[in-house]
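**Student:** Supplied in structure tokens, the structure appears directly below.
The values are calculated or read from the model by the stated rules, or taken from the named source; none is laboratory data. For clarity, every value in this text was computed on a predicted model and none was experimentally measured. We place every Cβ from the backbone using ideal geometry, glycine too, and count neighbours over all the protein chains shown. These accessible areas exclude ligands, DNA and RNA; they are computed on the full protein's heavy atoms, side chains included. Shrake-Rupley method; radii C 1.70, N 1.55, O 1.52, S 1.80 Å.
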Amino acid sequence: LRELIGAAFETTFAKVNELFKEYFTGFFGGGEASLQLTDGDGLTAGVDIVARPPGKRVQNLSMLSGGERALTAISLLFALLSNNPSPICVLDEVDAALDEANVTRFAETLKNLAARTQFIVVTHNRRTIEKADAIYGVSMADDSTSRILSLKLSDVPQRN
């Protein structure tokens, strides 16, 4: 059983690592990224994330900017979801540290992944909201009660 689990782990790790590299280079427009096993065998080893955005030296994640760390984490999450889709995924403000160009890439990639996973995204970013199928908002009324607002974007007439 241990051998079977170890073989499954190695296969999954290799596939997720390849997908991670693809998402990372797609988001950053180049660079290099990989997952590396630390001390121990496949079942007891830890996993290190190595990320080098274009024009930077290999460094640990703490040396990256907030946006770079966010994109690296998103790349890993999307690699995991691409390898083994979850029926639902909740993302809370993952796009907050991203600049406008990266938000656009994130939102488009998210839209593509939504074919296999239902995403609930908490965001204030207009670009991310524009890619949504439905929007839910919470506002406070004059009597201090919360009101839920919902809008299905396919029902909104398009401007020319």
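**Student:** Return the carbon/sulfur percentage of the accessible area of the chain, one whole number, probe 1.4 Å, all protein chains in place. Could the numbers behind the result be given before it?
**Tutor:** Values: 5540 of 10450 Å².
That share works out to 53 percent.
**Student:** Using a cut-off of 21 Å between alpha-carbon atoms, which lysines can reach residue 56, once sequence neighbours fewer than 8 places away in the same chain are excluded?
**Tutor:** Answer for residue 56, where 21 Å is the Cα cut-off: 21, listed by chain and number.
**Student:** Considering only C-alpha atoms, what is the centroid distance from region 132-160 to region 1-40, in Å?
**Tutor:** When both Cα centres are located, 39 Å separates them.
**Student:** What is the Cα radius of gyration of the chain over 2.2 N^0.38 Å, N being its residue count?
**Tutor:** Values: Rg = 18.9 Å, N = 160, 2.2 N^0.38 = 15.1 Å.
Dividing the Cα radius of gyration by 2.2 N^0.38 Å gives 1.25.
**Student:** I've got another one for you. Provide the per residue accessible area, probe 1.4 Å, for region 15-138, rounded to a whole number of square angstrom.
**Tutor:** On the way: 6940 Å² over 124 residues.
Accessible surface, normalised per residue, equals 56 Å².
**Student:** Select from region 44-148 those trypsin sites (Lys or Arg not before Pro) which occupy a DSSP coil region and have at most 12 other Cβ atoms within 10 Å, ordered by residue number. Numbers along the way, then the final one.
**Tutor:** Working: sites: 56, 57, 69, 105, 111, 116, 126, 127, 131, 147; in loops: 56, 57, 116, 131.
In loop regions of region 44-148 (DSSP not H, G, I, E or B), the sparsely surrounded trypsin sites (Lys or Arg not before Pro) are 57, 116.
**Student:** Between 25, 44, 12, where does the largest GNM mean-square fluctuation fall for the chain, given springs only between Cα atoms within less than 10 Å?
**Tutor:** Highest fluctuation of the listed residues: 44.
**Student:** Which net charge results when you count Lys and Arg as +1 and Asp and Glu as -1 among the other residues whose beta-carbon is under 12 Å from that of residue 84?
**Tutor:** That sum, taken over residues with Cβ under 12 Å, equals +2.
**Student:** Is it possible to state the helix-based mean residue ellipticity at 222 nm for the chain, with each DSSP H run of 4+ residues giving -39500 (n - 2.57), the sum divided by total residues, to the nearest 500 deg cm²/dmol? What is it?
**Tutor:** Numbers: 4 runs with 64 residues, N = 160.
The per-residue figure over the chain is -13500 deg cm²/dmol.
**Student:** Any idea what the relative contact order of the chain is, in percent, if you count C-alpha pairs under 8 Å spaced at least 6 apart?
**Tutor:** After rounding, I find 15 percent.
**Student:** How far, in nm, would the chain grow between residue 122 and residue 141 when pulled straight, counting 0.36 nm per residue and subtracting the alpha carbon separation?
**Tutor:** On the way: separation 19, 0.36 × 19 = 6.84 nm, distance 2.07 nm.
Stretched out fully, the residue 122 to residue 141 stretch lengthens by 4.8 nm.
**Student:** What is the sum of charges around residue 60, taking Lys and Arg as +1, Asp and Glu as -1, for the other residues whose C-beta is under 13 Å from the C-beta of residue 60? Spell out each step's value before the answer.
**Tutor:** Details: positive: 52, 56, 57, 69; negative: 48, 68.
Net charge around residue 60: +2.
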